[in-house]
Amino acid sequence: MNPVKLIKSVISCILLAFSTTLIMGLIALRQTNLSENVHPAAAYCLLWGAIIWLTMVEGGQASLVGLIPVNGELYASSHPKAYK
């Protein structure tokens, strides 16, 4: 792996962990609008549901963009849903 790409990936993961920890801390202290009005457990579930949903959407988008230059016949029999 390219050293620059590795550094970018590590920094990105650190920032993601920091921001998620910060938001979870604010939810625990009820310093967000949602956690003020509902139980913090509901806010946690909503936060993690949004993060998981976003990763699935981003992964699907990357797949669509990444498969454009690939010949579809290479994966037509092994992955028929992607071939459609």
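Here are a few things to note about the model shown:
- Residues satisfying the stated conditions in the range 26-84, i.e. within 20 Å of the chain's Cα centre (by Cα) and either β-branched (Val, Ile, Thr) or at positive phi (or both): ILE27, ILE51, ILE52, THR55, VAL57, VAL65
- 3 or more residues open to solvent by less than 90 Å² (accessible area, probe 1.4 Å) and either at pLDDT 95 or above or of a type in the set (A, V, I, L, M, F, W, C) (or both): qualifying helices (runs of 4 or more DSSP H) within the range 1-68: 3-28, 40-66
- Figure legend. Inter-residue proximity from the range 33-47: first residues within 11 Å of ILE23 (Cα to Cα), second residues of a type in the set (S, T, N, Q), beta-carbon distance below 7 Å, spacing 6+ or different chains. Indicated pairs: ALA43/THR32; ALA43/SER35.
- Every condition in (1) surrounded by 10 or more Cβ atoms within 10 Å (Cβ to Cβ); (2) assigned to a helix (DSSP H, G or I); (3) without any contact (Cβ under 8 Å) to a residue 12 or more places away in the chain holds for ALA76 except the one numbered (2).
The values are calculated or read from the model by the stated rules, or taken from the named source; none is laboratory data. All values reported here derive from a predicted model rather than from experimental measurement. Cβ: placed from backbone, ideal geometry, glycine included. Neighbour counts: every protein chain shown. Ligands, DNA and RNA are excluded from the accessible area calculation, which covers all protein heavy atoms including side chains. Shrake-Rupley method; radii C 1.70, N 1.55, O 1.52, S 1.80 Å.
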